[in-house]
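S.K.: Structure below; questions to follow.
The values are calculated or read from the model by the stated rules, or taken from the named source; none is laboratory data. This one's a predicted model, so the numbers in the text were calculated from it and none came from an experiment. Note: ideal-geometry Cβ built from the backbone for every residue, glycine included; neighbour counts use all protein chains shown. Side chains included, ligands, DNA and RNA excluded: accessible areas come from the protein's heavy atoms. Shrake-Rupley method; radii C 1.70, N 1.55, O 1.52, S 1.80 Å.
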Amino acid sequence: MRPDLTLDIKNLRLSFRSWSGSTEVLHGIDLSVAPGERVALVGESGSGKSVTSRIVLGTMQDVRHARVSGQVTFEGTDLAKLASVERRALRGREISMIFQDPSSALNPVFRIGDLFHEVLKRRHPKISKGEARQRAAAILQDVSIADAERVLSSYSFQLSGGMNQRVMIAMALINEPRLLLADEPGTALDVTVQAQTLSLMRDLVEQKRTSVLFISHNLGVVREFADRIYVIYRGNIVEHGPTAAIFDAPQHPYTQALLSAIPRLTGGGVPDIEERSLSFNDPMISHGTDI
Amino acid sequence: MPDPILSIRAVSKEFHVGKSRVQAIDDVSLDVFEGECLAIVGESGSGKSTLANMILGLGAPTSGAIRFKNVELPAKRSKLHRRQIQLVQQNPLSALNPRRSIGASLRLALDVHGHGQRADRPDMVAALLKEVGLDPDMATRSPSGLSGGQRQRIAIARALACQSQVVVLDEPTSALDVLVQARVLRLLNALRASRKLTYIFITHDLSVVRNIADRVAVFQKGKLVEIAQTETLFANPTCDYTSTLISAVPVVSPEEVALRDALANVRVF
Amino acid sequence: MKRAIYILLSNPLSILGLVLVGLVFFCAAFADFIAPYPEHAGAVINFAFANKPPSAEYLLGTDVVGRDLLSRIIYAYQVALGMGLVVLLIAPPIGVALGLIAGYIGGWTDFVLMRITDIFLSIPPLVLALAIMGVMEPTLINAMLAVTAMWWPWYARLVYNITRGEKVEGYVLAAEVIGASKAHIMFREILPNCFPAIVTKMTLDFGYVILIASSLSFLGLGVQAPTPDLGSMVSEGTRYLPDSWWMTVFPGLAIMIAVFGFNLVGDVLRDVLEPD
């Protein structure tokens, strides 16, 4: 256990019981995030990346058919030792989350301003409506929303997808959480909007020194954002290291395949790569940067 | 220049939302030539899906005409018209009926258009599955439990079953993992060559466009803002919006970064 | 199949439901063999044994004319299930067809069909059935007709809502682009996706049809004497409460067992038929 790390995951396993028996979807994952560090967890659908974020958020533990084992330590506290109520108390205060589709993540029956008020109450239970509005307006400026007052008085369905995404980033960061979980942020948005919101998010977490665990299937997006990358394949981490090392000298066959499968903006045709290969199950490669 | 297989002439489409009017497509003219892959690129609200729907006969233009081999296509399409232009959709999860077997989904196209003798159709279904790289025995199975890639291959086989010449590909790989995407794109390329198909490839992903399209049409807010050969468009985009789109693509290699930076009049990242 | 068994075993109540429903069907099917006094299903009068409380001879006691209650309940299940079957063979197909057509075709067809449905739905079911029974002879056949008339609109609504949801699915679009006929799309593509909900509702309704039929006969408008009917038995029994409690309580329990059983089975079916 390393109390100096924001997030420290050791030998994390997850299995689901179902009618056809028990299936393990995470086979013992080690992952860590240092304070202020931006770490990406990259994998295809079904690789186990999203359930990992659900475990860190503490919601997977309450799923009836799920069995979680291993150690998830947040700033020195073992999440498994916390009661379900205490885990819930961490959410929205110390750990917050940004989801894939901002428009469905914001409750459409409340005004944005009221949603901010609710979020702020999680850390400051006695905060007044007026003060909440002031602080919300201030952080909306940080995500380049000029007419904050109009946005605060609107409902999420009255705003564009990009605007909702910025609102969500602001909302996730307003309580100054220690850790931000970003699960495929902006995948539901247009490319230009996605690019803009990601760069806003990057600036804001840098400024607030928030640690980020960024979950994505897109190596291109991750390259612009992360300090360090973990590549996950079918419930195992297959390679991890600093972003530059992963992109310049990928060692694991799966990482190599993943990288070369991306069509290049410079052309060269669609690469001929197998979807599956036994070598994808090769042992993990670490770029020797364990912190 | 040969005659276009599909020709869109001064097409506009208006929608009425409450009392206000939305101009989804604004006076668009373009030609699609036999055997080419024309990419239609744009963001949400660009009108690219509206245009695709009109080509497929799922909505009539407010004004203008769509011609197939120099014959104007009516708003109400007959089976014969349907047979000419087929579709592969974006979402592989909803494109197949969960309560019908894969074989039945493919059979439908053969039955509707009366391709082959009744007795031969099971073999034709098997041949189609084989052609898209799937196990012919899959015909009796239900689509549940299949991966996105497998489902998308079946959707492609269904489009082939109609024996149409033009296929509208509506973001066919955007819901797929990148390794699967590469396989499906290669399959599409191979089928285009072997079956002499014409593709209208609707997408927002410019790195895919760069590697599969012969020509690119860029749409913004219902207008066709740029149309050019793929090479030309990426080397020298004439429209600012095109450069913005290119510069927003998340890239992985240093060469791409160089290309992007050279273009970028708007730095997005 | 394995999955169905797993769902069944993971919920003990579902087994209870199956047992209860099985019991009801068993009674109805083998009434002639298991009823202690099969002749008591008819117009038998046996004043010597009238009004007897439950005993070894008459397990659930006897009614005012001395007929064995257990035998009459067993035969009443036959009548109730018969009625349920007839109603559920007629009402759902009507409702399903109208719901599919209104939901898929849309426009004026939708408007007209669904407003007719709404009119039926806005009349309290029992009132509608009472009105129909008031005009017609109170016979078993007419009772079935009355219940059917108040039942189909629920299926129309259910299927209409599902159809509206399925209509925008990609597989419907694909069939349209291929050029399939409207009939094919409605009955071959969309209808199979309505089946889980329809079957679940039919199971639940089996219990409710029995309940409604009992209510009608309780009011004297359903099955007529001497045919045994749970509702009429409860109704007759109330005149002898609280002394001859068994005349009301046992037929009442019999109704409850059937309704409860079909409800539990309906819940299980929903879990089993829903795709993963």
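S.K.: Taking only protein heavy atoms into account and a 1.4 Å probe, give the accessible area per residue of region C:46-150 in Å².
M.R.: 44 Å²
S.K.: With every protein chain left in place and a probe of 1.4 Å, what is the accessible surface of residue A:85, to the nearest 10 Å²?
M.R.: Only protein atoms counted, so the area is about 100 Å².
S.K.: With label points built 7 Å along Cα→Cβ from the Cα atoms of residue B:140 and residue C:25, find their separation and express it in nm.
M.R.: 2.8 nm
S.K.: Expressed as an acute angle from 0 to 90° and rounded to the nearest 10, what is the orientation of the C-alpha long axis of helix A:112-123 relative to the principal long axis of chain A?
M.R.: The angle comes out near 70 degrees.
S.K.: Angle check, please: helix B:254-263 long axis (alpha carbons) against the longest principal axis of chain B (alpha carbons), in degrees 0 to 90, nearest 10.
M.R.: 50 degrees
S.K.: Let me ask another. Which of the trypsin sites (Lys or Arg not before Pro) across region A:16-85 are loop residues per DSSP, with 11 or fewer other Cβ within 10 Å?
M.R.: A:64
S.K.: Percent antiparallel among DSSP beta bridges with both residues in region A:7-262, to the nearest 5?
M.R.: 60 percent
S.K.: Summing +1 for each Lys or Arg and -1 for each Asp or Glu, what net charge is found among the other residues whose Cβ lies under 14 Å from the Cβ of residue A:80?
M.R.: So the environment of residue A:80 carries a net charge of +1.
S.K.: Shielding of A:273-280 by partners, i.e. mean partner chain Cβ atoms within 10 Å per residue?
M.R.: 3
S.K.: Counting only protein chains, not ligands or nucleic acids, how are B:241, C:171, C:240 ordered by accessible area (probe 1.4 Å), most first?
M.R.: C:240, B:241, C:171
S.K.: For the pair C and B, how large is the buried accessible area, both sides, in square angstrom to the nearest 100, if the probe is 1.4 Å?
M.R.: The contact between B and C buries close to 1600 Å².
S.K.: Take every Cα-Cα pair in region B:6-265 and report what % of them are more than 24 Å apart.
M.R.: 51 percent
S.K.: Considering only C-alpha atoms, what is the centroid distance from region B:50-113 to region C:68-141, in Å?
M.R.: 40 Å
S.K.: Under the rule of at least 5 residues apart or a separate chain, name every residue whose amide H is placed under 5 Å from the amide H of residue A:26.
M.R.: A:14
S.K.: Another question about this same structure. Output the Kirkwood hydrodynamic radius of the protein assembly as shown, Cα pairs only, in Å rounded to one decimal.
M.R.: Evaluated over the protein assembly as shown, this radius sits at 31.4 Å.
S.K.: Would you mind telling me the share, in percent, of accessible area of region C:155-276 contributed by carbon and sulfur at probe 1.4 angstrom?
M.R.: After summing per-atom areas, the C and S share lands at 63 percent.
S.K.: Still on this model: Any chance you could check region A:176-199 for residues losing 30 Å² or more of accessible area when the partner protein chains are in, compared with the chain on its own (1.4 Å probe)?
M.R.: SASA drop of 30 Å² or more in region A:176-199: A:190, A:191, A:192, A:195.
S.K.: Can you tell me which of C:86, C:147, C:96 moves the most in a GNM of chain C? Springs connect C-alpha atoms under 10 Å apart.
M.R.: Top of the fluctuation ranking is C:86.
S.K.: For region A:7-262, take N as its residue count and report Rg(C-alpha) divided by 2.2 N^0.38 Å.
M.R.: Relative to the rule-of-thumb radius for its length, region A:7-262 sits at 1.02.
S.K.: Considering only protein heavy atoms, what per residue accessible area in square angstrom results for region C:153-243 with a 1.4 angstrom probe?
M.R.: Here the per-residue accessible area is 40 Å².
S.K.: Under a Cβ-Cβ cut-off of 13 Å, what is the net charge of the residues other than residue C:51 that fall near it, where Lys and Arg count +1 and Asp and Glu count -1?
M.R.: Summing Lys and Arg as +1 and Asp and Glu as -1 gives -1.
S.K.: Additional query: Express in whole angstrom the spacing between the alpha-carbon centres of region A:76-99 and region B:141-163.
M.R.: With region A:76-99 and region B:141-163 each reduced to a Cα centre, they are spaced 42 Å.
S.K.: For B:77-85, what's the mean count of beta carbons from other chains sitting within 10 Å of each residue's beta carbon?
M.R.: For peptide B:77-85, the averaged partner shielding equals 2.
S.K.: Given springs between every Cα pair under 10 Å in a Gaussian network model of chain B, which of B:17, B:218, B:167 has the largest fluctuation?
M.R.: Checking each option, the largest mean-square fluctuation is seen for B:17.
S.K.: Follow-up. On a straight-distance basis, which lysines could pair with residue B:79 in a cross-link, Cα separation under 29 angstrom, same-chain partners fewer than 8 positions away excluded?
M.R.: Hits, sequence-local ones excluded: B:13, B:48, B:69, B:130, B:196, C:167, C:182.
S.K.: Can you list which of the trypsin sites (Lys or Arg not before Pro) found in region A:162-248 are DSSP loop residues with at most 12 other C-beta atoms within 10 Å?
M.R.: Listed in order of number, the matching sites are A:209.
S.K.: Over the whole of C:199-205, what's the average partner chain Cβ count within 10 Å per residue? Rounded to a whole number, please.
M.R.: Other-chain Cβ atoms within 10 Å of each residue's Cβ, averaged: 0.
S.K.: Still on this structure, please answer the following. What order do C:34, C:255 take when sorted by accessible area (1.4 Å probe), most exposed first?
M.R.: Sorted by accessible area, descending: C:34, C:255.
S.K.: Right, another one. Please report the Cα spread of region B:1-113 along all three principal axes, rounded to whole Å, starting with the longest.
M.R.: 42, 41, 26
S.K.: Additional query: Of all beta bridges DSSP finds with both residues in the protein assembly as shown, what is the antiparallel percent, to the nearest 5?
M.R.: 55 percent
S.K.: Using only DSSP helix segments of four residues or longer, with each worth -39500 (n - 2.57), what per-residue ellipticity at 222 nm results for the protein assembly as shown after dividing by its residue count and rounding to 500?
M.R.: The helix contribution divided over the protein assembly as shown gives -15000 deg cm²/dmol.
S.K.: Something else about it: When chain C is treated as a GNM, springs tying every alpha-carbon pair under 10 Å, which of C:18, C:100, C:173 comes out with the largest mean-square fluctuation?
M.R.: C:173
S.K.: After finding the eigenvalues of the alpha carbon gyration tensor for region A:211-258, what semi-axes result from the square roots of 5 times each, listed largest first in whole Å?
M.R.: 16, 13, 10
S.K.: If I take every Cα pair under 8 Å that is 6 or more residues apart in chain C, average their sequence separation and divide by the length, what percent do I get for the relative contact order?
M.R.: Answer for chain C is 25 percent.
S.K.: Would region B:11-62 count as rounded, prolate or oblate if I go by the C-alpha gyration tensor, calling it rounded below 1.5 in a/c and otherwise prolate when a/b exceeds b/c, oblate otherwise?
M.R.: In terms of gyration-tensor shape, prolate.
S.K.: Something else about it: Take the alpha-carbon centre of region A:109-172, take the same for region B:205-269, and report the distance between them in whole Å.
M.R.: 34 Å
S.K.: Share of chain A's accessible area from carbon and sulfur, percent, 1.4 Å?
M.R.: Summing carbon and sulfur atoms, their accessible area is 49 percent of the total for chain A.
S.K.: While we're looking at this one, here's another question. Considering Cα pairs under 8 angstrom that are at least six residues apart, work out the relative contact order of region A:7-262 and quote it in whole percent.
M.R.: Contact order relative to length: 28 percent.
S.K.: For region A:7-262, report the accessible area per residue in Å² (1.4 Å probe, heavy atoms, rounded to an integer).
M.R.: 39 Å²
S.K.: Can I ask one more? How large is the accessible surface of residue C:167 in square angstrom, using a 1.4 angstrom probe and rounding to the nearest 10?
M.R.: That residue has around 70 Å² of solvent-accessible surface.
S.K.: To the nearest 100 Å², how much accessible surface do chains A and B cover up together, summed over both, with a 1.4 Å probe?
M.R.: The contact between B and A buries close to 3400 Å².
S.K.: Hey, what do the phi angles of region B:4-20 turn into as Karplus ³J(HN,Hα) couplings, whole Hz, using 6.51/-1.76/1.60 and θ = phi - 60°, x for Gly and Pro?
M.R.: The phi angles translate into x, 6, 9, 9, 10, 10, 6, 7, 10, 9, 10, 10, 9, 10, x, 9, 8 Hz.
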